Structures are given as structure tokens and as C-alpha cells.
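Worksheet: the structure to be examined is printed underneath.
The values are calculated or read from the model by the stated rules, or taken from the named source; none is laboratory data. The model shown is predicted, which means the values in this text are computed figures rather than measured ones. In this analysis, Cβ positions are derived from the backbone assuming ideal geometry, glycine residues included, and neighbour counts consider all displayed protein chains. Each accessible area value is taken on the protein alone, full model and side chains, heavy atoms only, with ligands, DNA and RNA left out. Shrake-Rupley method; radii C 1.70, N 1.55, O 1.52, S 1.80 Å.
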Amino acid sequence: MSSEQTQTKWGQFIPLVTVFFFWGFVAASNDILIPVFKKAFDLSQAESQLVSLAFYIAYTVGALIYNGISVIIGQDIVNKLGYKNSLALGLVISALGTLLFYPAANLHSFPLMLSGLFIVALGFSLQQTVANPLAIALGPITTGSQRLTLAGGINNFGTTIGPLIVSFAIFGSAANATTDISVESVKIPYLILGVAFIAVAIFLKLSSLPDRPALVEASTEDAKSVKGSALKYPQLVLGMIAIFVYVGVEVSTASNLPAYMEKDLGFAIKDIAPYISLYWASMMIGRWTGAVEAFTDNVSTQKILRFIAPYLAFGIFLAVNAIAKHDLAPFYVYGFIILVLIVADMASKGNPARMLLIFSGIGITALLIGMFTTGMTSVYAITSVGLFCSTLWPCIFTLAVSGLGKHTSQGSSFLIMMIMGGGIISWAQGAVSEFTGIQYSYVVGIICFSYLAFYAWRVSGILRSQGISFDKKLSGGH
């Protein structure tokens, strides 16, 4: 690839990842809203998880609307509108959702708050349907998971600063924080967010992003074309379940952590934000590590970057918390846990199925430690789940859409539909916790990781039978 072509690819990729940032910012901020709403509206733990349920179920509703409109007009709606128009429309829908926070706060209405979050996520559903396959399309399929991982790293910069900014908006600075909880304090930040959505929609419309990229892999004239629906591909169907449980364990691990730290460990709500930020920063740390192959084919450089990237991301986490005047002393030990991530990433050798298997196994181990230890050891163990969830979305997404050819866009919408797992499994863990306690309710996450390990094993055989391998690039690139 010429340097001019490479520059064009990155010129298209950079504006795309802006929307990835917003998804992370809002999703992670929900983890701060949950304990705030729980106290302000006097909710049970299961009821408080309706925040996650309303947000993530919107992805399913959005995907159903997308497919329904496509059936009615007899054409894929994204292909008809174009990718840039679809992204802009999704951002406008999300902006409309933020407007509801103002009357919801004034009326002290929990249902109206949930409605606002639902509409914001409804816009995200359309954005994700477009942006994920588009990130894969801006380069060869063999490095698609690395590009998606890199985009996810930008997403997790949003998840890292989101809880801190929202916590600051509600409680003030750490030094002057108040324990009073005011629902009205969330309305201005979300109105500002709505303005940002509109600004980015305009920015994307003026960007060099392709409006109708070539999402179909090479050789679409083969036997794959005779299959009339993306659901005929077993890698996609099993991948839909994998996305459901993956988003479930990612979201429920974080959304139930505040209740565990408050109820079992005695933390004040205002002091939990840095740990939620660490969880989502862990996602950023892992994704920056997993994305190094998107930058260079040189093996020696990759080895160096695998150590630099995660600690650079960790440094960003420490910096933003220092700016927020939080005590950094409890977080330095986390630098040693990051070494486990680096070793696991190297062991995966860039193969998404192998990475999915290894990281799922470590995720199970982390949750077991979190369940059967106490104090800060359990907090660090549960938080480290973010490290090992970090690259699973791009792994699953790439494996699930590989070989779909002209059905890639449809397959993407089916995968986005399954993001509802974030709400359903969070609610399920909240319900389980009412019988087992918060700490032991993390058995739900262990079940999720177990399925992901199964999918990693099963999809490898499915793709090999279709002549698709992700190991070829290892020899081809060196």
C-alpha cells in the first residue's frame, strides 16, 4: 500500500472514531447515574439496573426498526441513506434524547430519565450498525479486529473520563464534594452532550468518510452469495449469543460494582467514581495493547509497543484522576496486574479466536478471585475484568461477520441487536444479588465468560471449514 493510500485510510478512520468516543462516555457515565438514581428515587438494586436495561434494550429496538424499514422499502436502509447520512441521523436522534433530561430533572421523574437514555441509545444503535463494519472495511479483513480494537481504545478514553466528568457535575470536586444527591445536576451536562452530538454530525457530513464503502469481501460471486440471509451463517448466529453475553458481562461487572463497594466495603458514593473510571480505563489499556498491529507489521516494534501502549493508557487514567484531585496511591499496584494482560496478548499472536479463548479464561479467574477474597483485593480483581473484556468485542465481531460477503451489513445489525445483553444481564445480576449478595452474584459473569470460551473454540472450526484463517497474516506480514 502506498503512503498516499495509507494516509487516505487514516484520514477516513480518524473522524469515524469520534462516535466511538461518545458511546463510551455515555455508557460508562450510566454507572455513576445508577447509584445516584438509586438513592434519589429510593430504588432497589434490581430497580436501579433499569438504567442499564433501558439503555441497552434500545440497541435491540433500534436494530429491529432498522431491519423493519429495510424490509418495507425492499432495500438496506443504510445502503439507501449512505453511511455518512446514517451516522449523522443517529447522532441527531441521540441529541433529541438528551433534551429529555431537562424536564425529567425538573419533574423528578425516573421514567422520563429512562426515556431520555433510551432515545440516546436508540441513536447509538444506528451509529454502531454503520460504524463497526465501516471500521473493518477501511483496510484488509485480516487486520479488521485490530482496527476495531483501536476504535474501541478511543471509545474507552470516553469511558475513562465519562464517570469522572459526570461525578464532578453531580458532586463537585473530590476536595469539596458534597454527599447531597441532586437529580437536577445531571441536566446541564447532558444538554451540553446533545450540542456535541449535533456538532459531530456536521463534522462527519463534511469528512472524507466513504458514503458507500466496499463492505463485501473478495469473491462475492462464490457459493456464499446463494445464501439469502445472514442468519444462515453459523458463525453469525453463535456470534450473536456471544455479543449478548459479552456486553452483558462487561456492563454488569461495572454497574454492580458501586453497590458492592458501598454496601459491603463501606465506600461513599462520591468516592466510587475513580474505581469505575479504572474499570473502563482497563478497557482502554487492553484495547491500546491489542491495537498495536494496526500501526506496524514490524515484529520488533510491535513487541516494544505492547509494553508502551498499556502503560501510556494507564498514565492517562492517573493523569485525569490527578486533575480531579483523587488520591492515586490505591492505583499504583494495578500496574503489576497490567503485566498479565501483556503476556496474554502476546500469547494470542493476533488471532481473534485464540485471544477470545485466552482472555475468557483469565476473566473467569479474575471473577473467582473477586468472589472469594475481601477488601481491595476483590475490588482489583473485579476491576481487572475490564482488561480481559477489552478486546473481546472486536474479536467476536470480526469472527461473526467473516465470510458473510454481501450480508455483512445485515449481519452487523443483528449483532448490534444483541447489545441488549448489557441491560438484561445487568438486571439479572442485580436480581441474583438480592439472594446471594452482590459479591457472589458475579457468578453470572462466570457463566458469560464460559460461553465465550466455547464460542472461541467452536467458531475456529466453522471458519476453517469455510477456508477462512486469521493465522495467514502472521507469516505474510513479517
- Entirely in segment 62-112, the helices (runs of 4 or more DSSP H) that have 1 or more residues that are free of Cβ contacts under 8 Å to residues at least 12 places away in the same chain and either assigned by the TED database to the domain that holds GLU184 or open to solvent by 20 Å² or more (accessible area, probe 1.4 Å) (or both): 77-81, 101-107
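Test GLY153 against the criterion of being under 15 Å from the mean Cα position of the chain (by Cα), more than 15 Å from PHE397 (Cα to Cα) and not assigned by the TED database to the domain that holds TRP280, and give yes or no.
So GLY153 passes the test.
Got a sec? Which of SER300, SER252 is crowded, with 17+ Cβ neighbours inside 10 Å and either under 18 Å from MET376 (Cα atoms) or not assigned by the TED database to the domain that holds ILE34 (or both)?
SER252
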- Looking only at segment 34-51, decide whether some residue is among the β-branched types (Val, Ile, Thr) and open to solvent by 10 Å² or more (accessible area, probe 1.4 Å). no
- Message: Return the pair list, or none, for Cβ contacts closer than 7 Å from residues in segment 143-163 that are modelled with pLDDT of 75 or more and part of a helix (DSSP H, G or I) to residues that are surrounded by fewer than 24 Cβ atoms within 10 Å (Cβ to Cβ) and among the basic types (Lys, Arg), at least 6 apart or on different chains.
- Response: none
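Can you confirm whether LEU265 is at pLDDT 90 or above, over 14 Å from the mean Cα position of the chain (by Cα) and not in a helix (DSSP H, G or I)? Spell out how you get there, then give the answer.
On the way: at pLDDT 90 or above: yes; over 14 Å from the mean Cα position of the chain (by Cα): yes; not in a helix (DSSP H, G or I): yes.
Against the criterion (at pLDDT 90 or above, over 14 Å from the mean Cα position of the chain (by Cα) and not in a helix (DSSP H, G or I)), LEU265 qualifies.
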- Task: Looking only at segment 419-436, decide whether some residue is open to solvent by 20 Å² or more (accessible area, probe 1.4 Å), over 25 Å from TYR275 (Cβ atoms) and aliphatic (A, V, I, L, M).
- Result: yes
- Message: If I ask for residues that are β-branched (Val, Ile, Thr), modelled with pLDDT of 85 or more and open to solvent by 70 Å² or more (accessible area, probe 1.4 Å), which ones from segment 199-246 would you list?
- Response: ILE202, ILE241
- Give segment 295-344 a look and list any residue that's modelled with pLDDT of 90 or more and hydroxyl-bearing (Ser, Thr, Tyr), or say none. TYR311, TYR332, TYR334
- Query: Restricting the first residue to segment 312-336 and requiring it to be of a type in the set (S, T, N, Q), which pairs with a second residue that is assigned to a helix (DSSP H, G or I) meet a Cβ separation below 6 Å and a spacing of at least six or different chains?
  - Reply: ASN321/PRO274
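Quick one: count up the residues across segment 66-99 that are on the phi > 0 side of the Ramachandran plot and in contact with a Ser or Thr (Cβ under 8 Å, 6 or more places away or on another chain).
Number satisfying all stated conditions: 0.
If you go through segment 385-408 one residue at a time, do you hit one that is over 24 Å from THR60 (Cα atoms), β-branched (Val, Ile, Thr) and touching a Ser or Thr at 6+ places or on another chain (Cβ under 7 Å)?
Of segment 385-408, the ones over 24 Å from THR60 (Cα atoms) are 385, 387-388.
With β-branched (Val, Ile, Thr) added as a condition, the list becomes 385.
After this cut, where a residue has to be touching a Ser or Thr at 6+ places or on another chain (Cβ under 7 Å) as well, the list is 385.
Yes, some residue in segment 385-408 is over 24 Å from THR60 (Cα atoms), β-branched (Val, Ile, Thr) and touching a Ser or Thr at 6+ places or on another chain (Cβ under 7 Å).
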- Query: Within the group SER441, SER384, which residue is at negative phi and either open to solvent by 30 Å² or more (accessible area, probe 1.4 Å) or within 21 Å of the chain's Cα centre (by Cα) (or both)?
  - Reply: SER384
- Applying the selection to segment 255-297, what residues are touching a residue at least 12 places away in the same chain (Cβ under 8 Å), open to solvent by 10 Å² or more (accessible area, probe 1.4 Å) and either of a type in the set (Val, Ile, Thr) or on the phi > 0 side of the Ramachandran plot (or both)? ILE269
- Task: Could you tell me which numbered condition ALA324 fails, if it satisfies all but one of (1) out of contact with any Phe, Trp or Tyr (no Cβ under 8 Å at 6 or more places or on another chain); (2) over 26 Å from ILE446 (Cβ atoms)?
- Result: (1)
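ILE364 - would you say it is in a helix (DSSP H, G or I), at pLDDT 90 or above, closer than 25 Å to SER433 by Cβ and open to solvent by 60 Å² or more (accessible area, probe 1.4 Å)? Before you say what the answer is, go through the steps one by one.
On the way: in a helix (DSSP H, G or I): yes; at pLDDT 90 or above: yes; closer than 25 Å to SER433 by Cβ: yes; open to solvent by 60 Å² or more (accessible area, probe 1.4 Å): no.
So ILE364 does not fit the description; no.
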